[in-house]
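*Asks:* The structure is given below, and queries will be raised subsequently.
Throughout, read-outs are computed from the coordinates displayed, never taken from laboratory work. A quick note: this is a predicted structure, and the numbers were derived from the prediction, not measured. In this analysis, Cβ positions are derived from the backbone assuming ideal geometry, glycine residues included, and neighbour counts consider all displayed protein chains.
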Amino acid sequence: MISNLPLRVVISGASSGIGLALARHYLQGGAQLAAFARRADLLAQLASEFPQQVSVYVLDVRDAVAVQHAAADFIARLGVPNIVIANAGVSVGTLTEFAEDSEAFQQVMDINVLGMVKTFQPFIAAMREAAAYLPSPQPSPIGRESKRERHFTLVGIASVAGFRGLPGAGAYSASKAAVISYLESLRVELRGTGIKVTTICPGYIRTPMTTHNPYPMPFVLDADVAAARMARAIARQTSFTVIPWQMGVVGALLKVLPRWLYDLLFAHAPHKPRRESPH
């Protein structure tokens with residue numbers, strides 16, 4: 001039976017932060033994991049913690065060929081993944097007036113947006129084909145169709161920062177706004193194929209990316225707590241979710257603020273330091 005097979009999960013940016021927390025969550029549940037990241041030492045450490053469960057792929061998500069080779073290898077050895085989580089991302093303070101920040105803008109967009117596209121692309125055809133062989137949903141006792149025993153899901157990690165443009169974070173906010181729209185397009189494109197698309201917008205999560213934020217972080221969550229909530233949303237095939245939910249309320253309020261009021265409130269908000277650069 002499909003349900004007796006171990007879950008197969010692919011995670012980019014799996015060496016730290018949210019990606020690492022998600023990796024550990026699924027591995028503790030017995031999953032087979034493909035871990036994509038640039039830092040070989042951290043991936044090796046993860047693999048040593050979970051022997052026989054981790055396939056390590058040291059790569060940069062900007063390198064489409066490397067991602068394609070990794071995807072082909074994992075599928076050939078372990079089968080089509082049930083879940084692919086495009087988590088790899090960077091954040092850096094940027095100001096358009098500085099010419100040297102143009103490179104930072106480029107890197108953030110390449111990693112956060114195009115890296116997500118390149119992570120998903122090699123898996124879609126295989127997922128679509130595998131989904132065609134899944135058993136048809138069975139009617140439930142109350143007349144509703146039940147979910148498939150084992151579905152296929154593409155998960156994109158976006159951010160509440162994509163709801164409105166944050167001062168000093170033009171590159172990051174723009175990249176996450178683009179990700180939200182991209183994932184919506186992808187979700188509609190894949191409707192009816194057996195492939196679900198889930199958009200997750202984290203609020204503040206304790207990770208290396210947020211360590212040096214010089215401003216309060218309301219409703220901040222530890223990474224392992226956030227990962228468990230994300231995994232539940234993925235299992236429910238949720239189309240869009242904000243974690244924690246309180247930041248969803250904040251984000252919804254921000255989206256409806258008139259521009260003049262938003263500008264007034266955020267004109268002097270603290271910025272992420274420019275001296276940090278994508279790495």
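*Asks:* Taking the Cα centre as origin and putting +1 on Lys and Arg beta-carbons and -1 on Asp and Glu beta-carbons, what dipole magnitude results for the chain, to the nearest 20 debye? Spell out each step's value before the answer.
*Replies:* Numbers: 26 positive and 19 negative charges, 170 e Å.
In debye, rounded to 20, the chain gives about 820.
*Asks:* Using helices alone, I'd like the mean residue ellipticity at 222 nm for the chain: each DSSP H run of four-plus residues gives -39500 (n - 2.57), total over residue count, nearest 500. Walk me through the numbers before you get to the answer.
*Replies:* On the way: 9 runs with 116 residues, N = 279.
Counting only the DSSP helices, I get -13000 deg cm²/dmol.
*Asks:* Percent relative contact order of the chain, based on C-alpha pairs within less than 8 angstrom and at least six residues apart?
*Replies:* Working: 499 pairs, mean separation 55.0, N = 279.
Relative contact order, the chain: 20 percent.
*Asks:* Report the antiparallel proportion of the DSSP beta bridges in the chain as a percent, rounded to a multiple of 5.
*Replies:* Looking only at bridges with both residues in the chain, the antiparallel portion is about 5 percent.
*Asks:* Here's another thing I want to ask about it. Can you divide the C-alpha Rg of segment 1-143 by 2.2 N^0.38 Å and report the result to two decimal places?
*Replies:* Rg over 2.2 N^0.38 Å, computed on Cα atoms: 1.21.
*Asks:* Using Cα-Cα distances under 8 Å and only pairs 6 or more residues apart, what relative contact order does segment 20-91 have, in percent?
*Replies:* Value for segment 20-91: 24 percent.
*Asks:* How far is helix 115-131 tilted off the main Cα axis of the chain, in degrees rounded to 10, range 0 to 90?
*Replies:* Rounded to the nearest ten degrees, it is 20.
*Asks:* Let me ask something else about it. Number of Lys pairs in the chain with C-alpha atoms less than 20 angstrom apart, excluding same-chain neighbours closer than eight positions? Intermediate values should be presented prior to the final figure.
*Replies:* Working: K118/K176; K118/K196; K147/K196; K176/K196; K176/K255; K176/K272.
Value for the chain: 6.
*Asks:* Under 11 Å from the Cβ of R24, count the other residues' Cβ atoms, weight Lys and Arg +1, Asp and Glu -1, and hand me the total.
*Replies:* Taking every other residue near R24 into account, the sum is -2.
*Asks:* Let me ask something additional. Amide H to amide H, which residues 5 or more places from F240 or on other chains are under 5 Å from it, using H placed in the peptide plane?
*Replies:* T199
*Asks:* Turning to a different aspect of this structure: Against the longest principal axis of the chain, how steep is helix 17-28, in degrees 0 to 90 to the nearest 10, with axes from Cα atoms?
*Replies:* It works out to around 20 degrees.
*Asks:* Among rounded, prolate and oblate, which fits segment 9-82 when a ≥ b ≥ c are the square roots of the eigenvalues of its C-alpha gyration tensor, a/c under 1.5 means rounded, and a/b larger than b/c means prolate?
*Replies:* Here segment 9-82 falls in the oblate category.
*Asks:* Using the Karplus curve 6.51 cos²θ - 1.76 cosθ + 1.60 with θ = phi - 60°, work out ³J(HN,Hα) for each residue of segment 172-177 in order, rounded to whole Hz, and write x for Gly and Pro.
*Replies:* 5, 4, 5, 5, 6, 5
*Asks:* A further question on this structure: Cα gyration tensor of segment 43-94, axes a ≥ b ≥ c as square roots of the eigenvalues: rounded (a/c below 1.5), prolate (a/b > b/c) or oblate? Before the final figure, lay out each step's value.
*Replies:* Working: a/c = 2.09, a/b = 1.37, b/c = 1.53.
Verdict is oblate for segment 43-94.
*Asks:* Report, in degrees rounded to the nearest 10, the 0 to 90 angle that the Cα long axis of helix 245-256 makes with the longest principal axis of the chain.
*Replies:* Its long axis makes an angle of about 50 degrees.
*Asks:* Apply 1/(1 + (r/R0)^6) to the Cβ-Cβ distance of F240 and H268, taking R0 = 51 Å, and write down the FRET efficiency to the nearest 0.05.
*Replies:* Between F240 and H268 the formula returns 0.95.
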